[in-house]
Amino acid sequence: MKFWRAGAFGALVLAGCASQQTLVPQIQQGESEGKKTVTVAPASAACSRPQCPVLAAAWSAAKPAQAVLTVGLPHQAAEVTGADFHLGGGQAVRVRSRSRAEAAALGYPATAFDVPLRLVDQIAYTPRSWVRVHTADGRSVDETLNSGEERSKAVEAMSYFVTAVESASGQVANPDSSRGGLMDRLGGGK
């Protein structure tokens, strides 16, 4: 009888450990041509439908103030042409500048954009944010990134990414950024 209990407990522990793997984004640090690099695997916005936008990011010490932000849209045929990031109360940032870097082959439409590293920091740490992804067929998909109560996997991935970039570069990505103090968590911050 004790054997079955121990086996059941072990299975629950293993299942719990396996499910936690998806909560921590895949961060890779390395060097390319003598320059430090950081990448984060795609992670989804806070939604339950199949057409949930995903974000991925890459950084190189060759351009320390710039990141390559990949925006993808699963279960779509049309190409991603841009994204509007609505951050906090009224700031909206339009992303249209395509990167020379290729977007990762994700199996669905995804486009890489050159953005200031500061934007990735804002995505990671601004409460009440959402994204509108535009496609070549004239459609758009709106989804929440951070409602103030729930942070999406994409937001978590971007915060890990920013931390890894700061560690690799030795500099703060955005000195004006609020990193989630008490007032931000209560909704009264910037």
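Per-structure values
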read-out: Relative contact order for the stretch 27-186, counting Cα pairs under 8 Å that sit 6 or more residues apart, in percent; value: 25
read-out: J(HN,Hα) series, the stretch 111-116, from Karplus relation 6.51 cos²θ - 1.76 cosθ + 1.60, nearest Hz, glycine and proline x; value: 10, 9, 10, 7, 9, x
read-out: Ranked by how many other beta carbons lie within 10 Å on average, peptides 62-69, 93-100, 40-47 from highest; value: 40-47, 62-69, 93-100
read-out: Whole-Å distance, taken between Cα centres, linking the stretch 104-149 and the stretch 55-85; value: 8
read-out: Gained length - residue 102 relative to residue 137, 0.36 nm times residue gap less alpha-carbon distance; value: 10.5 nm
read-out: Under 5 Å, built H, 5+ apart or other chain: amide partners of residue 36; value: 61
read-out: GluC sites (Glu not before Pro) restricted to DSSP loop in the stretch 58-147 with at most 12 other C-beta within 10 Å; value: 102
read-out: Under 10 Å, Cβ to Cβ, from residue 43 - net charge with Lys/Arg +1 and Asp/Glu -1; value: 0
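Quick note: the coordinates plus some simple rules give every number you see, no bench work behind them. These numbers come from a predicted model, not from an experiment. Note that we place each Cβ from the backbone using ideal geometry, even for glycine, and neighbour counts take in every protein chain shown.
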